[in-house]
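The values are calculated or read from the model by the stated rules, or taken from the named source; none is laboratory data. The structure displayed is predicted, hence computed values, not measured ones. Don't worry about glycine lacking a Cβ; one is built from the backbone with ideal geometry, like all the others, and counts go over all protein chains shown.
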Amino acid sequence: MTEPAIQIRDLRVTFGGVVRAVDGVDLTLHQGEVVALIGESGSGKSVTLRSLMRLHPPRRSRVEGSITVAGRDVLAMSERQLADYRGATVSMIFQEPLLALDPVYTVGEQIAEVIRRHEKASRAEARARALELFQKVRIPSPERRLDAYPHEMSGGMRQRAMIALALACRPKVLLADEPTTALDATVQIQILLLLRELQREFGLSIVFVTHDLGAAVEVADRIAVMYAGRIVEEGSARDLIRDPRHPYTIGLLKSRAEGALAKGSRLDAIPGSPPDLAHLPPGCPFAPRCPLAIEPCRADRPPPIPIGPGHAARCIRTDVSPGLLARHPEPAPA
Amino acid sequence: MLAYLARRVAYTVPILFGVALVCFALVHIAPGDPLVSVLPPDASADLQAMLRTLYGFDRSYPEQFGRWLWRAAHGDLGTSIATGRPVTDEVFKAVGYTLRLSILATLIGFFFGSLFGFVAGYYRDSLVDKAASALSVLGVSVPHYWLGMVLVIVFAAILGWLPPTGAGSGNEGFFGSLRFMILPAVTMSVIPMGIVARTVRALVADILAQEFVIGLRAKGLTDWGVFRHVVKNAAPTALAVMGLQLGYLLGGSILIETVFSWPGTGFLLNAAIFQRDLPLLQGTILVLALFFVILNLLVDVVQTALDPRIQRS
Ligand SMILES: Nc1ncnc2c1ncn2[C@@H]1O[C@H](COP(=O)(O)OP(=O)(O)OP(=O)(O)O)[C@@H](O)[C@H]1O
Ligand code: SF4
Ligand SMILES: [Mg+2]
């Protein structure tokens, strides 16, 4: 097999010296693979994603561990190398393109800008490329839309424009931070289908952050479940739906027992709340909310326990956890 | 855009009318008979009545206002009591001087204010930020006549580099007359400088905190590339603030123009008030108010043209 597109080893991200937003994440992504990161709000999904481009404020954050993308050590890059790498090798689409695009430039100008930043191209060439991209992401009357400002477009069109911008320099890796959360259900599906189609066409590797288990199953080859800054379970989409082993994953699945694959609905809350990232407990961070917690859980951080090929869970009781699934499901919230 | 322009211009008509009304009323609101300052103390009743007819004070107020407005619209603001020259000439000469000085002061203030504000906003809460903020507070709070006198003492009296006062004879050529403007303009510029610096600092800090800046970095833009975007985002508001500052300075700083004997509108107003030269006072205020209204209109139009987020409908 060729070298992985992304290799993250023991990633730790700390803000202000105390908030451990990411606390030892390992993740490998092969070329052309799509991985979904799911988990509750604040579990460190966006922070993990932004670390791949080193987008955290340098003065207030510390990033440790190792990140290799397309064979290059991201944490060792100089500012200049980093700028050349961002947008060309890796690019990002954001949750709310209205906020992520500059309001006083037209979308066409913003796409031409990234092309001219990374490649030798005249204004006219860059604009022609932008037009092609708009056709590729199927924006109607693309010529006219190039001259629109972000606020003049609908949410779905904006997200398409954002995707066009992200793909402008043919990156190897695409990072998508909840690209459909801000959209209507029907538009969400269109955007997901478009992403999957473009992923196949360009052979993209995608890390896809979402709250939506249905969307994750729809587009991802593998799913990684995050809790309190760690990946607590990882496996193929199929494994995770059929044979979840971490009590947190099981909780997520059960809380949406009513139509687990229905798209558009968010992960529903599991009783209790996530731990304070500034004061993480010594043992398993899920212990306070875990129905299977026993004394040894609180002593040490559980290591990843292999379940099957490419499937592992950070839980010392994976032998008994499937029993949770069999239990009478809690009444689904209205 | 054209329809917007037409509507915006139409809005100023009632404002202009109101301004004219206030200027007209000034003469009648001012305590005492408006004729008192014109009449010799021992004027006979006949002379009084004659002058009253001559100035039109015997007619009704609306009629007087109509006649005054009609003449003003044709560029006739009456005659100065003190000098006997047409008010229009006096005012426009003074406005020319003040305009020159205010524009130079605004440019100086805008340049340094933007510079300090940008650096302060970019490196917020750093030492540079604190130094720049302290400087801008100083700019707003230092007494200008005092600063003016200090500058005159240092650069004119001690070093002898620049003329201390006046506007020159008018025969010095461009650079020669510029020398006369430097000290008063620098003194005057500390006001817009402080305000522009504070505005730009807040703008830049606000823009840098927005998510699209992360989007720009994610595209691979360097600091310079991000800087261009920040400038374009900040420009409409910063320029609007600059325009309004120019408007305030156009009123002419009585203190600064007095310190430097600069023959501008501040100087003229000062003279008109102390000599109770009502036509001159009336005319000066009217012209200044017109400038202010037009400037506001310009600022609005420029801001709308520059900022695509403002709805033009
Ligand atoms: N720049 C930052 N400075 C300080 N703390 C931060 C910063 N960015 C993220 N955090 C903190 O890191 C933690 C994880 O945040 P993150 O944005 O990764 O969550 P998330 O899993 O993406 O959640 P959501 O689903 O709400 O987007 C949060 O507690 C957040 O407050
Ligand atoms: S290690 Fe213990 S507390 Fe943590 S998830 Fe497993 S059973 Fe629950
Ligand atoms: Mg997030």
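Here's the yes/no breakdown for (1) away from chain A (no Cβ under 14 Å); (2) within 16 Å of residue B:96 (Cα to Cα); (3) not acidic (Asp, Glu):
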{"position": "B:231", "(1), (2), (3)": "no, no, yes"}
{"position": "B:261", "(1), (2), (3)": "yes, yes, yes"}
{"position": "B:269", "(1), (2), (3)": "yes, yes, yes"}
{"position": "B:285", "(1), (2), (3)": "yes, yes, yes"}
{"position": "B:293", "(1), (2), (3)": "yes, no, yes"}
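So that you can scan it fast, the table gives a plain yes or no per residue for (1) under 26 Å from residue B:235 (Cβ atoms); (2) within 9 Å of another protein chain (Cβ to nearest Cβ):
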| site | (1), (2) |
| --- | --- |
| A:80 | no, yes |
| A:92 | no, yes |
| A:96 | yes, yes |
| A:100 | yes, yes |
| A:104 | yes, yes |
| A:111 | yes, no |
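On the basis of being outside any loop (DSSP other than H, G, I, E, B), at pLDDT below 85 and surrounded by 15 or more Cβ atoms within 10 Å (Cβ to Cβ), does residue B:52 make the cut?
Numbers: outside any loop (DSSP other than H, G, I, E, B): yes; at pLDDT below 85: yes; surrounded by 15 or more Cβ atoms within 10 Å (Cβ to Cβ): yes.
Taking the combined requirement at face value, the residue satisfies it.
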Exercise for the section: May I ask you to list the residues in region B:116-152 that are touching a residue at least 40 places away in the same chain (Cβ under 8 Å) and of a type in the set (A, V, I, L, M)? Expected result: B:120, B:132, B:135, B:137, B:138, B:140, B:142, B:147, B:149, B:152
Completion exercise
Result of the Cβ filter at 7 Å on region A:35-59, keeping first residues that are on the phi > 0 side of the Ramachandran plot and partners that are within 16 Å of ligand 2 (Cβ to nearest atom), at least 6 apart or interchain, is A:39/A:225; A:39/A:226; A:39/A:227; A:42/A:274; A:44/A:226; A:44/A:229
Handout entry: Hey, residue A:221 surrounded by fewer than 23 Cβ atoms within 10 Å (Cβ to Cβ), more than 14 Å from chain B (Cβ to nearest Cβ) and within 16 Å of ligand 2 (Cβ to nearest atom) or not
Key = no
Completion exercise
Only one of B:181, B:149 is surrounded by 20 or more Cβ atoms within 10 Å (Cβ to Cβ), under 28 Å from the mean Cα position of the chain (by Cα) and more than 14 Å from every other protein chain (Cβ to nearest Cβ), namely B:181
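Out of everything in region A:113-134 that is among the aliphatic types (A, V, I, L, M) and under 25 Å from residue A:54 (Cβ atoms), what residue ends up being farthest from the other protein chains (Cβ to nearest Cβ)?
Per the stated criteria, the residue is A:115.
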Exercise for the section: Can you tell me which residue within region A:78-97, out of those that are assigned to a loop (DSSP other than H, G, I, E, B) and under 24 Å from residue A:231 (Cβ atoms), is farthest from ligand 3 (Cβ to nearest atom)? Expected result: A:89
Exercise for the section: Filter region A:82-97 down to the residues that are over 18 Å from the mean Cα position of the chain (by Cα) and farther than 20 Å from residue A:131 by Cα, then identify the one that is surrounded by the fewest Cβ atoms within 10 Å (Cβ to Cβ). Expected result: A:84
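From the list A:63, A:74, A:19, A:47, which residue is away from chain B (no Cβ under 11 Å) and within 15 Å of the chain's Cα centre (by Cα)? Walk me through how you get there before you give the answer.
Details: A:63 fails: within 15 Å of the chain's Cα centre (by Cα); A:74 fails: within 15 Å of the chain's Cα centre (by Cα); A:19 fails: within 15 Å of the chain's Cα centre (by Cα).
On inspection, the qualifying residue turns out to be A:47.
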Exercise for the section: Name, by its number, the condition in (1) in a helix (DSSP H, G or I); (2) away from ligand 1 (no atom under 16 Å from the Cβ); (3) at pLDDT 90 or above; (4) buried (at least 17 other Cβ atoms within 10 Å of the Cβ) that does not hold for residue A:254. Expected result: (3)
Practice task
With the condition kept exactly as written, say whether any residue in region A:291-309 is surrounded by 16 or more Cβ atoms within 10 Å (Cβ to Cβ) and touching a Pro at 6+ places or on another chain (Cβ under 7 Å).
Solution key: yes
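Please go through region B:241-271 and give me each residue that is without any contact (Cβ under 8 Å) to a residue 40 or more places away in the chain and of a type in the set (A, V, I, L, M), ordered by number.
Looking only at region B:241-271, we keep the residues that are without any contact (Cβ under 8 Å) to a residue 40 or more places away in the chain, and these are B:254, B:269-270.
B:254, B:269, listed by residue number.
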Exercise for the section: Please go through region A:292-314 and pick out each residue that is part of a loop (DSSP other than H, G, I, E, B) and out of contact with any Leu (no Cβ under 8 Å at 6 or more places or on another chain). Expected result: A:293, A:294, A:299, A:300, A:301, A:302, A:303, A:304, A:309, A:310, A:314
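Given the residues A:68, A:28, A:48, which is the only one that is touching a strand residue (DSSP E or B) at 6+ places or on another chain (Cβ under 7 Å), more than 16 Å from ligand 3 (Cβ to nearest atom), closer than 16 Å to residue A:230 by Cβ and in the same structural domain as residue A:220 (by TED's automatic domain parsing)? Walk me through it before giving the result.
On the way: A:68 fails: closer than 16 Å to residue A:230 by Cβ; A:48 fails: more than 16 Å from ligand 3 (Cβ to nearest atom).
The unique qualifying residue is A:28.
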Exercise for the section: Filter region A:172-224 for residues that are of a type in the set (Gly, Ala, Ser), more than 16 Å from ligand 3 (Cβ to nearest atom) and in contact (Cβ under 8 Å) with a residue 60 or more places away in the chain and give the result. Expected result: A:185, A:203, A:205, A:220
Practice task
Can you run down the residue pairs with Cβ atoms below 6 Å, 6 or more apart or on separate chains, where the first is in region B:209-221 and at the interface with chain A (Cβ under 7 Å from one of its Cβ atoms) and aromatic (Phe, Trp, Tyr) and the partner is surrounded by 23 or more Cβ atoms within 10 Å (Cβ to Cβ) and part of a helix (DSSP H, G or I)?
Solution key: B:212/A:100
Practice task
Of all residues in region A:51-65, count the ones that are in contact with a Lys or Arg (Cβ under 7 Å, 6 or more places away or on another chain) and within 16 Å of ligand 3 (Cβ to nearest atom).
Solution key: 3
